[in-house]
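Have a look at the structure below before the remarks.
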Number of protein chains: 2
Amino acid sequence: MKAYSEMTKQELLEEHRQLEEQYKKYRYAALSLDMSRGKPSPAQLDLSMGMMDVMNSQMDMTCEDGADCRNYGVLGGITEAKELLADILEVNPDNVIIFGNSSLNVMFDFISRSYSKGVMGFTPWCKLPKVKFLCVVPGYDRHFKICEYFGIEMINVPMLPTGPDMDMVEKLVSEDDAIKGIWCVPKYSNPTGNSYSDETVRRFARLEPAAPDFRIYWDNAYTVHHLYDHHQDHLIEILAECKRAGNPDLVYKFASTSKISFPGSGIAMCAASLNNLQDIKACLQVQTIGHDKVNQLRHVRFFKDIHGVVEHMRKHADIMRPKFEIVEDILEKELGELNVGTWTKPCGGYFISFDSLPGCAKQIVAYAKKAGVKMTPAGASFPYGIDPEDKNIRIAPSFPGEDEIRSAMNLFTLCVKLVSVEKFLNSFEEDGDKETAAEAPAEG
Amino acid sequence: MKAYSEMTKQELLEEHRQLEEQYKKYRYAALSLDMSRGKPSPAQLDLSMGMMDVMNSQMDMTCEDGADCRNYGVLGGITEAKELLADILEVNPDNVIIFGNSSLNVMFDFISRSYSKGVMGFTPWCKLPKVKFLCVVPGYDRHFKICEYFGIEMINVPMLPTGPDMDMVEKLVSEDDAIKGIWCVPKYSNPTGNSYSDETVRRFARLEPAAPDFRIYWDNAYTVHHLYDHHQDHLIEILAECKRAGNPDLVYKFASTSKISFPGSGIAMCAASLNNLQDIKACLQVQTIGHDKVNQLRHVRFFKDIHGVVEHMRKHADIMRPKFEIVEDILEKELGELNVGTWTKPCGGYFISFDSLPGCAKQIVAYAKKAGVKMTPAGASFPYGIDPEDKNIRIAPSFPGEDEIRSAMNLFTLCVKLVSVEKFLNSFEEDGDKETAAEAPAEG
């Protein structure tokens, strides 16, 4: 098939007619599919059902250090769970605190604490005239919502194949002491799926921020979430690298078992330097008497150790991999030659990131929605929901079944084609004399 | 036995000699007992072990409304859990939000939210020159720590047999718009164990605070925690009463299952007006994707309904009641005639409150500690840890076994006697001419 940009107006009109006919059929079919969120599928949740059997009423509920898991206390988490989670985080158990069920909640609380009380004795952000955050884009919408909630001004930093644009990061943080943090999903990033290069991690660890209370918010959400056995991304461990670089306090590292065991019933955690942990615990001991230790023990008894986790994640991968491949195959088959979009091919994580022609994303998502397929809202992966080029769409293939993904992606690519053809046709309105759309590419 | 106040100096010196001898024996015995915290005993925790059996790997994990409990979502809690918890809270399920494992954490988050973002659109507290809270004293130390953490000035309001001194509460809140809240444990209060009278609740619901963002923080921690079947305290339900009084938004009501199922692995909840819930959810939806629904379902499957809870609480009472009675018996037997202290006789809750002679509490607790019995630090039940009269000591009989409580209380009453005798002896130093201690009661 010819790329749309090479088509004449007549060819585009004919293509549009055919696409509209196909689209009409989808509307009659009344699909109801959800490709919008990074939710595990029921089959993935079934993998952890054994967790319901590892405890029973006759069982000893004492943890290794002698504490009764069922009672109050043990603020930072039980030892055996710290050891398991430290292995997931690739850090020393002494640097780990275990929280409740949600790492998003932990991150919210960290921003909230910094806002009300400040970081390690520095001025609380609520007492400052302006606080800013760097946001790698496209990125995770819920990170951005936290900043928005606290009135923190967000500055976009583009995500490159190697990670965030570090020239820009270095320049901004060294010049402006109102910049207090940067949101990162360093591994199998949300939504691009690519990982930070070694050089990027090294440069992060060597940042020289103007603000002494600047922190890297390193959301390692997909640390063990590979799709393949033999193509896995490996990152330099940021805590150790910060220490080597003489900046031990520069980073907070977050993760959870939400997409390992159960979303909502997993365990969230943070790793940081001992100085940071002391600061965190000063708040935590006022906030709570302790988190759910029975659930911590349940996780340890089910997974046993990091090998158990790795083995378990292989089973997740066996379910996820074909879904990613269906998405990629359909994108390639339907759009490969048309020159109307690009997409990522991740080796892990939960998302594929699609970039349409500029100015088309909102319309594509709207068309898909009208025909019964819910995509993440266009713009959601940018601060304030504004994608300046209106081109990024996050594809989340985890939840639907394989057949549903096929239907959804066939419709999605149809919508991409339809909107792209319309965009090219519009360009003829602006310049009726040209022969093909490419001669005057329309602006986003 | 003669009251110490009636003794001559000579009699007191002889009594002191005998008490010191007994105390020495305790020090040799090297006890190690903890009467300091409201922790359930292992036998109480065993009552809920059936909760480990109500789920297994073959089980359907769908909730009543069709959501998969194991996955993300359902921000305010699953319907069936809301119904169960609404019955515990004596409110409509529509007025309930379910949170994580700790009601303390919920209360902290409420203060934190009010501090950073304000209550229902009013000025965030962090932007105000001064914020104050009323604290019913003696009260719950962890409430006060939250205020201290956020730099909120605390004003003591005395706890009377009918509840807080409402004349004082009404006057203060109507005059000063810096007063944004009051901490209450209305039922089987911590630590006095008594409950607010109907008139007190009615006056609470009819408060006319100067601050439009004033809220009553109604920590209903011991709502179903009776000791007796036939002597139970019953309170007017505050949410309904506030509505009747035309002040529907005046109160937040908190509770948890920490002392029903497992502390740390229970469910926390809040009930409030729909306006308040909307305000709370605006924050909550940024803070988290949802709380632990598997644990919510686990609670519903174990307790079934409010009758299951009531039945279960009877078993708790059977374990707690004898412990309370041992404490009360020993207090009565050892101190009943000496006129050196008063104490409460609660029908529920977790504590007995002891008032020594003024100026003696710290010394009593120190003596007990030296002989191996840990009491809640004197002053802990007051803001900033300062009991102005240095007389209140919280007794927490739930955790130790019955024999341990006997040992601990025998030592405790011995310490009370010792310190009281020393106080009276000191009064002779100040006035050598008098015949008995009563003639010149020493000042705290």
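The values are calculated or read from the model by the stated rules, or taken from the named source; none is laboratory data. On a predicted model such as this, the values are computed, not experimentally measured, just so you know. For neighbour counting, all protein chains shown are included, and Cβ atoms are generated from backbone atoms with ideal geometry for every residue, glycine included.
Condition first: free of Cβ contacts under 8 Å to residues at least 60 places away in the same chain and within 17 Å of A:Trp183 (Cβ to Cβ). Can you find one or more residues in segment A:252-273 that meet it? Scanning segment A:252-273, I find no residue that is free of Cβ contacts under 8 Å to residues at least 60 places away in the same chain and within 17 Å of A:Trp183 (Cβ to Cβ), so the answer is no.
Results for (1) facing chain A (nearest Cβ under 10 Å); (2) surrounded by fewer than 19 Cβ atoms within 10 Å (Cβ to Cβ); (3) over 16 Å from B:Gly266 (Cβ atoms), shown as yes or no for each residue.
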position: B:Leu12; (1), (2), (3): no, no, yes
position: B:Lys25; (1), (2), (3): no, yes, yes
position: B:Ala30; (1), (2), (3): no, yes, yes
position: B:Ser48; (1), (2), (3): yes, no, no
position: B:Glu64; (1), (2), (3): no, yes, yes
position: B:Val74; (1), (2), (3): yes, no, yes
position: B:Asp94; (1), (2), (3): no, yes, yes
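Here is a yes/no grid of residues against (1) in contact with a helix residue (DSSP H, G or I) (Cβ under 6 Å, 6 or more places away or on another chain); (2) not small (Gly, Ala, Ser):
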| residue | (1), (2) |
| --- | --- |
| A:Ala268 | yes, no |
| A:Leu284 | no, yes |
| A:Lys293 | no, yes |
| A:Phe302 | yes, yes |
| A:Lys315 | no, yes |
| A:Arg321 | no, yes |
| A:Glu325 | no, yes |
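Filtering segment B:101-116 to residues that are of a type in the set (S, T, N, Q) and either at the interface with chain A (Cβ under 9 Å from one of its Cβ atoms) or within 21 Å of the chain's Cα centre (by Cα) (or both) leaves B:Asn101, B:Ser102, B:Ser103, B:Asn105, B:Ser112, B:Ser116.
Taking the criterion of being in contact (Cβ under 8 Å) with a residue 60 or more places away in the chain and of a type in the set (Lys, Arg), the residues of segment A:90-144 that qualify are A:Arg113, A:Lys117. Among the helices (runs of 4 or more DSSP H) confined to segment A:3-89, the ones with at least 3 residues that are of a type in the set (D, E, K, R) are located at A:9-29, A:79-89.
Restricting the first member to segment B:286-302 and to residues that are within 7 Å of chain A (Cβ to nearest Cβ) and over 15 Å from B:Thr257 (Cα atoms), and the second to residues that are part of a helix (DSSP H, G or I) and hydroxyl-bearing (Ser, Thr, Tyr), the beta-carbon pairs closer than 8 Å and six or more apart or on different chains are B:Val286/A:Tyr149. Any chance segment A:324-336 includes a residue that's over 29 Å from A:Leu12 (Cβ atoms) and modelled with pLDDT of 95 or more? Yes; the residues of segment A:324-336 include at least one that is over 29 Å from A:Leu12 (Cβ atoms) and modelled with pLDDT of 95 or more. In segment B:117-134, the residue that is surrounded by the most Cβ atoms within 10 Å (Cβ to Cβ) out of those that are within 14 Å of another protein chain (Cβ to nearest Cβ) and of a type in the set (Val, Ile, Thr) is B:Val131. Selection of segment B:241-280 for residues being within 17 Å of B:Val309 (Cβ to Cβ) and in a loop (DSSP other than H, G, I, E, B) yields B:Thr257, B:Ser258, B:Lys259, B:Ile260, B:Ser261, B:Phe262, B:Pro263, B:Ser265, B:Gly266, B:Ile267.
Screening A:Pro383 with (1) within 26 Å of A:Tyr28 (Cα to Cα); (2) surrounded by 22 or more Cβ atoms within 10 Å (Cβ to Cβ); (3) within 20 Å of the chain's Cα centre (by Cα) gives one miss only, at (1).
Let's see how each residue does on (1) over 18 Å from A:Asn101 (Cβ atoms); (2) not in a helix (DSSP H, G or I):
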position: B:Ala282; (1), (2): yes, no
position: B:Ile289; (1), (2): no, yes
position: B:Asn295; (1), (2): no, no
position: B:Val300; (1), (2): no, no
position: B:His307; (1), (2): yes, no
position: B:Ile319; (1), (2): yes, no
position: B:Glu328; (1), (2): yes, no
position: B:Leu331; (1), (2): yes, no
position: B:Glu337; (1), (2): yes, yes
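Only one of the numbered conditions (1) more than 10 Å from chain B (Cβ to nearest Cβ); (2) surrounded by fewer than 24 Cβ atoms within 10 Å (Cβ to Cβ) is not met by A:Pro138, and that is (2).
Right, B:Val310: hydrophobic (A, V, I, L, M, F, W, C), surrounded by fewer than 20 Cβ atoms within 10 Å (Cβ to Cβ) and more than 30 Å from A:Tyr140 (Cα to Cα) or not? Yes: the conditions hold for B:Val310. Entry remark, segment A:393-404: residues being crowded, with 24+ Cβ neighbours inside 10 Å and either outside any loop (DSSP other than H, G, I, E, B) or at pLDDT below 95 (or both) number 3 in total. Taken over segment A:206-234, the criterion of being among the hydroxyl-bearing types (Ser, Thr, Tyr) and outside any strand (DSSP E or B) is satisfied by A:Tyr222, A:Thr223, A:Tyr228.
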